[in-house]
1. Right, Phe150: modelled with pLDDT of 90 or more and at negative phi or not?
2. Look through segment 62-78, keep the residues that are in a helix (DSSP H, G or I) and over 21 Å from Gly123 (Cβ atoms), and return whichever of them is farthest from the ligand (Cβ to nearest atom).
3. For a quick check of your reading of the model, give me the residue pairs whose first member lies in segment 135-156 and is part of a helix (DSSP H, G or I), whose second is open to solvent by less than 10 Å² (accessible area, probe 1.4 Å) and among the basic types (Lys, Arg), with beta-carbon atoms closer than 9 Å and at least 6 apart or on different chains.
4. With the condition being within 14 Å of the chain's Cα centre (by Cα), I'd like the helices (runs of 4 or more DSSP H) fully within segment 79-132 carrying at least 2 qualifying residues.
5. Quick one: how many residues across segment 52-75 are of a type in the set (A, V, I, L, M, F, W, C) and closer than 24 Å to Leu40 by Cβ?
6. Determine whether segment 95-118 contains at least one residue that is more than 11 Å from the ligand (Cβ to nearest atom) and farther than 27 Å from Tyr44 by Cβ.
7. Residues that are open to solvent by less than 60 Å² (accessible area, probe 1.4 Å), within 12 Å of the ligand (Cβ to nearest atom) and among the β-branched types (Val, Ile, Thr): does segment 52-61 have at least one?
Amino acid sequence: MAVKNKYIDIKVTFMHKLKRGILVTLEGIDGAGKSTLATLLSNYLAQDNIDHLLTKEPGGSLLGQQLRTMLHNNTVSMCPKAEFLLFAADRAQHMHDIVLPALAKHTLVLSDRMADSSLAYQGYGRGVDKHMIKTVNTWIMENHEPDIVFYIQIPVKIALDRITKRGNVNHFEQHSSFLEKVDQGFKALFAEKKNVVFIDGSQNPKDVASTLYNHVKDLLCKQQLQ
Ligand code: TMP
């Protein structure tokens, strides 16, 4: 009964300001359905009048939109270190323009990808020094860590089927062997982290989004009680 009341009271609770900013990220391989889930989750929050900001990497800032085009078009050859540094530049501008100001105003920030994507894609996928990636990420993010990471899991084969159906494949998505490495990377990275919630991304997106929403409501309620 207490749990039910907690959810009924959520709108009342959020007529008050959050005590601090909250950062939630969605991570996973391409084709996992993160962007659809992020939008559905944002819709659920909006329906309950829960103030939040939905953003993404790469491309959350104006500079980031240009970097995203550069990274996706892949018209000139790019070594793994340069690729990481472009994602890092996108992240730096995103943190500076969007995420840190929103957290300072005690906003709930939802980001479709963030620092863990660089570790999985450039670290595990392309062999860039993971220690260096972690150091740069920590510096850029000014020691902020996500309160929750939703790791949307999906078998690589299903992800590749979805990507192929969607068309418009970016160069990160082209090779199954690369996505396998990234998938293993995410698993290794998240195995021991306490702030990660493993989510089965092969279920109906609305059901998955409502599971995410329940986790976010739990987090918001705990934060209000602190
Ligand atoms: P998406 O926004 O459509 O998911 O595309 C972003 C692509 O960029 C996706 O293939 C994952 C990749 N990526 C990295 O390789 N490193 C990073 O740090 C980030 C944020 C994304």
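The values are calculated or read from the model by the stated rules, or taken from the named source; none is laboratory data. The structure displayed is predicted, hence computed values, not measured ones. All Cβ positions, glycine included, derive from the backbone under ideal geometry; neighbour counts span all protein chains shown. Surface areas here come from the heavy atoms of the whole protein model, side chains and all, with no ligands, DNA or RNA. Shrake-Rupley method; radii C 1.70, N 1.55, O 1.52, S 1.80 Å.
1. Considered against the rule, which asks whether it is modelled with pLDDT of 90 or more and at negative phi, Phe150 comes out as yes.
2. Leu62
3. From residues that are part of a helix (DSSP H, G or I), the pairs are Val136/Arg91; Asn137/Arg91; Ile140/Arg91.
4. 80-94, 115-118
5. Here the count works out to 2.
6. The answer is yes, given that some residue of segment 95-118 is more than 11 Å from the ligand (Cβ to nearest atom) and farther than 27 Å from Tyr44 by Cβ.
7. yes
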